[in-house]
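Novice: Sending over a structure as structure tokens; questions will come in a sec.
Every number in this text was worked out from the coordinates using simple rules, so none of it is lab data. Keep in mind it's a predicted model, so treat the numbers as computed, not measured. Cβ placement follows ideal geometry from the backbone for every residue including glycine, while neighbour counts extend to all protein chains displayed.
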Amino acid sequence: MSTRLFVLVVSLLVGVLAVTLTAGYLVWTRGDQGTAALIGGPFELVDQDGRTTTPETLKGKWSLIYFGYTYCPDVCPTTLSVMTQALDQLGPLAEKVTPVFVTVDPERDTVAQLKAYQDHFHPSFVMLTGSPDRVRDAARAYRVYHRKVESESATDYLMDHSSITFLMGPDGVYVTHFGHDATAESMAATLRQKLGG
Ligand code: NI
């Protein structure tokens, strides 16, 4: 390859790389707005008292939505405790927020199982389950990854799942989210800011 051709090819590659990086950066920085359109959508599940619950049911209040499963040994109970403590720290403002737990393990998380689990966390928690199809559709609407980890036992298995808490506005539209490392303090601070209290 001649030197001139080599320089031309390198210049082209640098150009393509620059365009790709710029596009990637724009997508990344605009992520919050872009995500808003992607997170959330219709679902129809039942709560711990057997009542049908849809996004319409949740409208009028802010929702803190987390997907997990009651047999989870660590991340789920920790996250639900963080949500509980964050709401406790909000005081009266907490009345504007509905904490929602959606199971990704409907086989074991029956209405009765959720009812018992709800006792451990904030009393305003709405805990949702449904048929495997309905649960899969709900998880898909929130872009939540979940997968059963194969085990020798049919009842004693783990679920692999993403661990993100979504804040949806009173209109049901995505506002922001919290990672699995969010503390009660940071969650309460963000909620206070978003709720305008
Ligand atoms: Ni979990």
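Novice: Along the charge dipole of segment 92-143, pointing to its positive end and built from +1/-1 on Cβ of Lys, Arg, Asp and Glu, which listed residue (SER131, ALA112, VAL97) has its Cα farthest out?
Specialist: VAL97
Novice: Further, regarding this structure: Need the C-alpha centroid separation for segment 145-197 versus segment 72-137, integer Å.
Specialist: So the two Cα centres are separated by 10 Å.
Novice: Determine, for each peptide in 42-49, 95-102, the mean count of other beta carbons within 10 angstrom over its residues, then list the peptides with the highest first. Don't skip to the answer; put the middle values down first.
Specialist: Details: 42-49: 17.8, 95-102: 21.2.
Averaged packing, sorted descending, gives the order 95-102, 42-49.
Novice: What lysines could a cross-link reach from LYS96, if we take a straight Cα to Cα line under 30 Å and drop same-chain neighbours fewer than 8 places away?
Specialist: LYS59, LYS61, LYS115, LYS194
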